[in-house]
1. Give the residues of region 38-55 that are open to solvent by less than 70 Å² (accessible area, probe 1.4 Å) and within 16 Å of the chain's Cα centre (by Cα), sorted by residue number.
2. Could you list all residues from region 23-37 that are open to solvent by less than 60 Å² (accessible area, probe 1.4 Å) and either of a type outside the set (V, I, T) or in contact with a Lys or Arg (Cβ under 9 Å, 6 or more places away or on another chain) (or both)?
3. Just checking, does region 152-162 include any residue being part of a helix (DSSP H, G or I) and open to solvent by 30 Å² or more (accessible area, probe 1.4 Å)?
4. Sort out which residues of region 227-248 are farther than 22 Å from R135 by Cα, open to solvent by less than 20 Å² (accessible area, probe 1.4 Å) and more than 15 Å from the chain's Cα centre (by Cα), and write them in order of number.
5. Could you tell me which residue of region 60-116 is farthest from G164 (Cα to Cα), considering only residues that are touching a residue at least 40 places away in the same chain (Cβ under 8 Å) and open to solvent by 70 Å² or more (accessible area, probe 1.4 Å)?
6. Considering only residues that are in a loop (DSSP other than H, G, I, E, B) and of a type in the set (K, R), look in region 227-248 and name the one that is nearest to Y125 (Cα to Cα).
7. Within the set of pairs 6+ apart or on separate chains, which have a first residue in region 216-245 that is acidic (D, E), a second that is modelled with pLDDT under 95 and buried (at least 18 other Cβ atoms within 10 Å of the Cβ), and C-beta atoms under 7 Å apart?
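The values are calculated or read from the model by the stated rules, or taken from the named source; none is laboratory data. Everything numeric here is computed off the predicted structure, so don't read it as measured data. Cβ coordinates were reconstructed from backbone atoms using ideal geometry, including for glycine residues, and neighbour counts include every protein chain displayed. Heavy atoms of the whole protein, side chains included, go into the accessibility calculation; ligands, DNA and RNA do not. Shrake-Rupley method; radii C 1.70, N 1.55, O 1.52, S 1.80 Å.
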Amino acid sequence: MLGLPEHVRACLFDLDGVLTRTARVHAAAWKQTFDDFLRRRAERTGDAFAPFDSVADYDAYVDGLPRADGIRSFLTARGITLPEGTPEDGPGEETVTGLGLRKNDLVLRLLREQGVDRYDSSVDYVRAARDAGLRRAVVSSSTNCRAVLAAAGIEELFEVRIDGNTAREKGLRGKPAPDGYLAAARALDVPAEQAAVFEDALAGVEAGRAGGFGHVVGVDRTGQAAALRAHGADLVVADLAELLENRR
């Protein structure tokens, strides 16, 4: 059914890169945030300015991770450690909290200016899953998940939403830990082994494999099919339309 094993009863979808095209917005916001920080740091230290690569660095260090984890991951790769900061920090502070606030402000601005594009093939697939009686959840590390779903006009397609706000409230670890997907399966009352995870991020695919889910579908939007398989995807497609075609 829908290109999935027969035992699958629920579909758990990542948001950015699978359902919506906001990955480019996030990548642009990360680049501006990190480049501003790295440029100021280079001016102080006299080191050469090495900008954030919105493809290679985004895929390797921040894609699919909670905001703070993405900041730590990228800075660690550059040999940089920043204070965590406090809730009172503003977006101009050179702390993990401050950089996170700066990045979020930029995302919200870009969303207002550019809107939200969606992958229509993914929306068709979610509707087909609904019509086939499969349970459906969206799982995202973004605290803006609900706003993005509403802007894309697809909020009503999902029975459960697990996002960055849920993670903070319930103490869920971010990807590659499977906590978010496991929470979605519990909310749908479906065992992990009877749920399929749909992910475009390497960390998300790792989360699906670590959680013991029945099927992990890697969605290759950026030419990383081999890496998705290496990180645990059972199947890799360039677009969810391929799964609809496979049922004919």
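1. S54
2. A23, H26, A27, A28, A29, W30, T33, F34, D35, D36, F37 - these are the residues of region 23-37 that are open to solvent by less than 60 Å² (accessible area, probe 1.4 Å) and either of a type outside the set (V, I, T) or in contact with a Lys or Arg (Cβ under 9 Å, 6 or more places away or on another chain) (or both).
3. Yes, the conditions are met somewhere in region 152-162.
4. Kept after step one, since they are farther than 22 Å from R135 by Cα, are these residues of region 227-248: 227-232, 238.
Right, trim to open to solvent by less than 20 Å² (accessible area, probe 1.4 Å) and you get 228, 232.
Listed by number, the list holds a single entry, G232.
5. Of everything passing the filter in region 60-116, R78 is farthest from G164 (Cα to Cα).
6. Per the stated criteria, the residue is R247.
7. Partner pairs satisfying both residue conditions: none exist.
To keep it simple, each residue is scored yes or no on (1) modelled with pLDDT of 95 or more; (2) on the phi < 0 side of the Ramachandran plot; (3) assigned to a helix (DSSP H, G or I).
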position	(1), (2), (3)
E88	no, yes, no
G92	no, yes, no
L99	yes, yes, yes
N104	no, yes, yes
R112	no, yes, yes
